[in-house]
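First up is the structure itself, then whatever we jot down about it.
The values are calculated or read from the model by the stated rules, or taken from the named source; none is laboratory data. Source: prediction; values computed, not measured. Heads up, the Cβs are rebuilt from the backbone with ideal geometry, glycines too, and the neighbour counts pull from every protein chain shown.
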Amino acid sequence: MTGNARWHNPIPVSDLAMELLDPVLRRRGGLSMDLVQSWAEVVGERLAGSTRPQKIAWPRRRHEDDPFEPATLIIACEGAAALHVQHETSEIIARVNAFMGFTAIGRVKIVQKPVGTGNPVRRAPLPPVSEAEQGRLQRLTEGIEDEGLRASLERLGATVLAKRKQRPLADS
């Protein structure tokens with residue numbers, strides 16, 4: 001190794017794969033890897049095991065001056081999950097739109113097909129955050145009036161802190 005060689009921090013293979021697959025998924029199905037990877041958080045664990053987002057069908061615009069119209073989210077479902085998705089359609093639309101940050105989805109289309117991916121992947125539990133870190137998170141979010149939002153932000157902060165503990169940065 002030469003004296004001018006530099007060591008770089010390792011990059012997870014999933015990040016490299018996402019950079020490659022995200023443009024392909026967007027072209028083919030209008031999906032982003034973020035939505036596919038976060039599907040369990042968007043729809044909940046109960047539905048995530050038997051559903052998956054398959055495609056986002058954007059309406060064709062005849063002219064560039066035509067007004068924006070929300071797309072149709074096509075969800076692949078197994079058996080009885082289709083009934084649950086049908087009953088929770090408005091909640092799923094609201095959650096996907098919140099995830100995407102704008103009113104992207106206007107309706108849901110259900111396609112019944114096998115979804116199972118085999119054995120679910122179990123992640124190792126994250127290390128707990130210290131009381132000091134938890135207190136700091138609470139102080140950072142104390143000005144937020146909505147209790148649900150405040151709790152969600154505290155959980156997000158705790159997850160970020162725990163993941164930093166789990167995978168320390170390499171020396172540069």
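So the values come out like this:
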read-out: Among (1) over 17 Å from VAL115 (Cβ atoms); (2) modelled with pLDDT of 90 or more; (3) surrounded by 17 or more Cβ atoms within 10 Å (Cβ to Cβ); (4) of a type in the set (A, V, I, L, M), the one test that MET33 misses; value: (2)
read-out: Among (1) at pLDDT 85 or above; (2) among the aliphatic types (A, V, I, L, M); (3) not assigned by TED's automatic domain parsing to the domain that holds ALA40 - the single one LEU126 does not satisfy; value: (1)
read-out: Filter result for MET18 (modelled with pLDDT under 75 and not in a loop (DSSP other than H, G, I, E, B)); value: yes
read-out: Residue, surrounded by the fewest Cβ atoms within 10 Å (Cβ to Cβ), within segment 90-117, restricted to residues that are more than 13 Å from THR51 (Cα to Cα) and out of contact with any helix residue (DSSP H, G or I) (no Cβ under 8 Å at 6 or more places or on another chain); value: GLY101
read-out: Total residues in segment 38-56, condition closer than 16 Å to THR89 by Cβ and in a loop (DSSP other than H, G, I, E, B); value: 2
read-out: Lone qualifier among THR159, THR141, THR89 - being modelled with pLDDT of 90 or more and outside the structural domain of LEU35 (by TED's automatic domain parsing); value: THR141
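Residues are listed down the side, and each one gets a yes or a no for (1) farther than 19 Å from THR103 by Cα; (2) modelled with pLDDT of 85 or more:
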site: TRP39; (1), (2): no, yes
site: LEU47; (1), (2): yes, yes
site: SER50; (1), (2): yes, yes
site: GLN54; (1), (2): no, yes
site: GLU64; (1), (2): no, no
site: PHE68; (1), (2): no, no
site: ILE74; (1), (2): no, yes
site: CYS77; (1), (2): yes, yes
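Here's the yes/no breakdown for (1) closer than 19 Å to PRO114 by Cβ; (2) of a type outside the set (Asp, Glu); (3) touching a residue at least 40 places away in the same chain (Cβ under 8 Å):
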site: SER50; (1), (2), (3): yes, yes, yes
site: ARG61; (1), (2), (3): no, yes, no
site: PRO67; (1), (2), (3): no, yes, no
site: GLU78; (1), (2), (3): yes, no, no
